[in-house]
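Some notes on the structure that comes next.
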Amino acid sequence: MTALEVRDLRVELDADDGVVRAIDRLDLALRRGETFALVGESGCGKSMTALALMRLLPDNGQVVGGRVRLDGEDLLALPEARMRRVRGGRIGMVFQEPSTALDPVMTIGDQVVECLRVHTPLRGAAARARAVDWLERVGLTDAARRLDDYPFQLSGGQKQRVAIAMALAAEPDFLVADEPTTALDVTLQAQVLDLLRDLQRERGLGLLLITHDLAVVAGMAQHVALMYAGQIVEVASADAFFRAPRHPYARLLLQALPGAGARGQPLAAIRGTVPSLAGRFEGCRFAPRCDQAMAHCTAGPPALVATGEGAVRCVLYREDGVPGAVGVAPVARAAPVPAAVPDAGVDADADADVDAAGPPLLDVRDLTVRYPGRGGWWRARRPDATVVDRVSLSIPLGRTLALVGESGSGKTTTGKAIVQLLRGRAEVTGVARFEGQDLLRLEGEALRRMRAAVQIVFQDPYASLDPRRRVGETLEEGLVALRPELDAEARRARVAALIERVGLRPDALGRRPHEFSGGQRQRIAIARALAVSPRLIVCDEPTSALDVSVQAQILNLLRELQSEFRVSYLFITHNIGVVEYIAHHVAVMRQGRIEEAGPADDVLSRPRTAYTQRLLASVPRLPGPGEREQQ
Ligand code: SF4
């Protein structure tokens, strides 16, 4: 049977701080009709593996050992001209960022037709008809009319659908898909995953799926390999991996996932970060983060030992994969690691502490946001666009309202309108009553005071932090503007306490944003929001760009802060697991309107509208612990 095999692959990158050993002796085998998932945190080598086997490494990277075989033929030894026919012809590729796959100066129709011209006998009208067919299959509406659109005329989700159509157009035997649905909302993600499953059934497509989303893996993959610091640390059938993960890292990753089952309790957060691959490792690479590490673990690198259903790289397992190699049995379930923030004395169930019945802290009525149409003598005037249409919602003190819905449903615009970030750019009407004042009508000094009480945290902390300023300056800046009653000494004391409160060391205050990881930058953004003692924080997808372990740290922090300071959150997200974990109430948005709203349990377990039912049905889910045991 046709197979894609990787054996003993080693990749190195020349970097400023020396040689980075990005992939270290990696093995995997993928047959047609199967899905093999490569999972792990950012920086562990997943994407580099995809680039290496397609021979698309960056200029500073090279394969220094190993084989990549397609039906026995060594791809690493092929002349580049033949390799070009393999790419897109026998192995398709989809990457997370569709802009890298699309040519900005070619129409999307021409780009799909070009793939067909290079790899199939189709030409002319037949090729255009096939291009329309593929674009329709990946869910691009009105595909025939859109063939002459350029990439800039498409949304991010539409561009990704075109990139997937291009990758599949020549009907390859294998598809290497690196986070193919991460940029898509859940309904579109479900549609693309269904398409890939159909192709596997119809044509025996083999899929190497690279993702950090374990729920997607559970729904798609037959085999799973977990990578850590450039190595595979566990490989198993998907059933075995989710039923009984063996490596401590695998167990912690699964425990870090938010969901209804973890509600009211801290999530297991993996301490520390993925290590730099620029140095040499003496022992187990996971040891600094492992809650089962012992002296034996750093004596030498653990080997990947076979288990009954795969292999695991950990000294807790004997050569036959049975626990107990060094006389220390692994615990059946690793104890949760607390978030790296000082103990706030939080009750196990923060919900008991908050006031559910009191008057709402924020009460929004008939919020409408309209963008006036633009035009001029050189082009026809576009009509006004109403992106938020008579939205009403309320949030009690110390509670969380999750605003969910597909991309473009108006969630972010609603959040920005409430904190007056659309001033001068859109027409905002309605009422947003907060502590007796209408937030939408505030001006001057009253608006300044409101900015201290209502803060916003964005998805991308890097874009929201000034790269030139040190963290201490950034945190103090808000205090100078919004808490003028504090003198310099009081400001410094508050900033020092805050940075510790969000789990960063005091020396972080003297560093700039680029010196931090994504999760640390999000902590800085949260510290900045907290500096001015807000009563309400609008959190706009604050964890969607983060790995699950970092997401767990941030969610723990937000939950602790709510318990400690009774902060209310308007939590904008498309992640239903996060909603189940953190939200007291849920409002579902669709095309600028609230489709359905109510207590989180009601909306999530007994959705009333067909749209909410469809939205929830599209969410990929991990089997719960009970279901895993039954598998
Ligand atoms: Fe943890 Fe030791 Fe196993 Fe590494 S070898 S994962 S440190 S128990």
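Which aspartates and glutamates, if any, have their Cα less than 14 Å from the Cα of Lys411, not counting same-chain residues under 8 positions apart?
Hits, sequence-local ones excluded: Asp185, Asp389, Asp540, Glu541, Glu595, Glu596.
Loop only by DSSP, 16 or fewer other Cβ within 10 Å of the Cβ. Give me the trypsin sites (Lys or Arg not before Pro) in the range 112-155 that pass, ordered by residue number. Walk me through the numbers on the way to the answer.
Working: sites: Arg117, Arg123, Arg128, Arg130, Arg137, Arg145, Arg146; in loops: Arg123.
Within the range 112-155, the qualifying trypsin sites (Lys or Arg not before Pro) (loop, at most 16 other Cβ atoms within 10 Å) are Arg123.
Along the principal axes of its C-alpha atoms, what lengths does the range 1-103 span, in descending order and rounded to whole Å?
43, 34, 30
Which percent of Cα-Cα pairs in the range 107-238 sits in each 10 Å bin, short to long?
12, 40, 32, 13, 3
Please give me the summed charge of the neighbours of Asp103: other residues whose Cβ is under 11 Å from its Cβ, Lys and Arg +1, Asp and Glu -1.
Details: positive: none; negative: Asp110, Glu114.
So the surrounding residues net to -2.
Sticking with the crude label model, points 7 Å out along Cα→Cβ, report the distance from Arg468 to Asp438 in nm, one decimal please.
Rounded to a tenth, the inter-label distance reads 3.9 nm.
By its C-alpha gyration tensor, with a ≥ b ≥ c as the square roots of the eigenvalues, how is the range 465-538 shaped: rounded for a/c under 1.5, else prolate for a/b larger than b/c, else oblate?
Working: a/c = 1.63, a/b = 1.36, b/c = 1.20.
Taking the square roots of the gyration eigenvalues as a ≥ b ≥ c, the range 465-538 is prolate.
Suppose we take every Cα in the chain and form the convex hull; what volume per residue is that in Å³?
On the way: hull volume 114.4 nm³, N = 631.
Cα-based convex hull of the chain, divided per residue, equals 181 Å³.
Looking only at the chain, where both bridge partners belong to it, what percent of the DSSP beta bridges are antiparallel (to the nearest 5)? Mind dumping the intermediate values first?
Working: 57 of 92 bridges.
In the chain, approximately 60 percent of DSSP beta bridges are antiparallel ones.
Around Ala278, what is the net charge, scoring Lys/Arg as +1 and Asp/Glu as -1 over all other residues with Cβ under 10 Å from its Cβ?
On the way: positive: Arg21, Arg280; negative: Asp16, Asp17.
That works out to 0.
Using a 1.4 angstrom probe on the protein heavy atoms only, could you order Lys411, Lys416 from most to least accessible area? Intermediate results must be reported in sequence, preceding the final value.
On the way: Lys411 20, Lys416 60 Å².
The most accessible residue leads, giving Lys416, Lys411.
Using a 1.4 Å probe, how large is the accessible area of Cys44, given in Å² and rounded to the nearest 10?
0 Å²
Would you mind telling me the share, in percent, of accessible area of the range 504-545 contributed by carbon and sulfur at probe 1.4 angstrom?
Numbers: 650 of 1380 Å².
The nonpolar share, carbon plus sulfur, comes to 47 percent.
Mean Kyte-Doolittle of at least -1.0 and a Cα length of 24 Å or more along the axis: which whole DSSP H helices of the chain meet both?
Values: long enough: 186-203 (25 Å, -0.33); 548-565 (25 Å, 0.31).
Span-like helices, by this rule, are 186-203, 548-565.
Which whole-number value in Å² is the accessible area per residue of the chain, probe 1.4 Å? All intermediate terms of the calculation are to be shown ahead of the outcome.
Values: 27080 Å² over 631 residues.
Here the residues of the chain average 43 Å² of exposed surface.
I'd like to compare 485-492, 387-394, 501-508: which one has the highest average count of other Cβ atoms within 10 Å, and what's the full order after that? It would help to have the intermediate numbers written out before the result.
On the way: 485-492: 11.9, 387-394: 19.4, 501-508: 16.9.
Ranking, from highest mean packing down: 387-394, 501-508, 485-492.
Accessible area of the range 191-331 with a 1.4 Å probe: how many percent of it is carbon plus sulfur?
Values: 2800 of 5300 Å².
Carbon and sulfur atoms account for 53 percent of the accessible area of the range 191-331.
Determine, for each peptide in 86-99, 510-523, the mean count of other beta carbons within 10 angstrom over its residues, then list the peptides with the highest first.
Details: 86-99: 19.9, 510-523: 18.3.
In descending order of packing, they fall as 86-99, 510-523.
Which three extents, in whole angstrom, do the alpha-carbon atoms of the range 362-517 cover along their principal axes, largest first?
54, 41, 32
Which three extents, in angstrom, do the Cα atoms of the range 94-171 have along their principal axes, listed largest first?
Extents along the principal axes, in whole Å: 30, 24, 23.
For the chain, what does -39500 (n - 2.57) per DSSP helix run (n ≥ 4), summed and divided by total residues, give at 222 nm, in deg cm²/dmol to the nearest 500? Walk me through the numbers on the way to the answer.
Values: 21 runs with 206 residues, N = 631.
My calculation for the chain gives -9500 deg cm²/dmol from helical runs alone.
The values are calculated or read from the model by the stated rules, or taken from the named source; none is laboratory data. The structure displayed is predicted, hence computed values, not measured ones. Ideal geometry is used to build each Cβ from the backbone, glycine not excepted, and the neighbour counts take in all protein chains shown. Side chains included, ligands, DNA and RNA excluded: accessible areas come from the protein's heavy atoms. Shrake-Rupley method; radii C 1.70, N 1.55, O 1.52, S 1.80 Å.
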